[in-house]
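> Submitted below is the structure of interest, expressed as structure tokens.
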Amino acid sequence: MGSKQAQVAEEVHNISVPLVESGTALQSMRNSDFDAYSADGEVIDNSIQANAKNVKVLFDYDQALRNREPISCVAFADDGDGMSSEILHHCLQLGYSSRFNDRSGIGRFGVGATLAAINQCQKVEIYSKQRGGVWLYTYVDLEDITAKRMTGIPDPIEKPIPDKLSGFASIAKDHGTLIIWSKYDRQHDNATE
């Protein structure tokens, strides 16, 4: 390769444009073909794969909105194994899987639950606790990502489950996971019928 070609090749490799424009790409991915039942099922599948014996789902709604997307949040609680800080930090990352290509379970590519969540809502919060551990917390907020106020998944921090969900999440007293979908904006069916 001549020196001019080598210089052009080197300049091409030095261009630092991200492969994905995260805000726009995530907004585009929100239009995936999940329906609410499939989206909910992805979270429940992960609970089962984490050895949960019990899974609870809570639909919280705002009665004042009448016929206009009254669901304010959906919460999922399980008594599964819980996640380590490292796994929790990555679990919302599209393409991450602690069981990548493992055919012994339900999911294997690391996109299902995250894609399902963002298909239904703008904010996903996860609390998780392993046996003998403490509650750890992280989240993603698509509004903040799109506005470039959020550029990555925050490091998990120690944080107790919100008081209003402590009774609901009591099945995860010793270990488990609580997932909260809020800023819920994709309700297609009328919840009041």
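The values are calculated or read from the model by the stated rules, or taken from the named source; none is laboratory data. Here the structure is a predicted model, which is why all the values come from computation and not from measurement. What goes into the accessible areas is simple: the full protein's heavy atoms, side chains included, and nothing from ligands, DNA or RNA. Shrake-Rupley method; radii C 1.70, N 1.55, O 1.52, S 1.80 Å.
> Within the stretch 90-98, is even one residue among the aromatic types (Phe, Trp, Tyr), modelled with pLDDT of 60 or more and not in a helix (DSSP H, G or I)?
No; the residues of the stretch 90-98 include none that is among the aromatic types (Phe, Trp, Tyr), modelled with pLDDT of 60 or more and not in a helix (DSSP H, G or I).
> A further question follows. Quick test for you: out of Ala77, Ala117, Ala172, pick the one residue that is open to solvent by less than 30 Å² (accessible area, probe 1.4 Å) and modelled with pLDDT of 95 or more. Can you show your working first?
On the way: Ala117 fails: modelled with pLDDT of 95 or more; Ala172 fails: modelled with pLDDT of 95 or more.
Matching residue, one of Ala77, Ala117, Ala172: Ala77.
> Spot the failing condition for Thr151; the list is (1) β-branched (Val, Ile, Thr); (2) at pLDDT below 90; (3) open to solvent by less than 40 Å² (accessible area, probe 1.4 Å); (4) not in a helix (DSSP H, G or I), and only one is missed.
(3)
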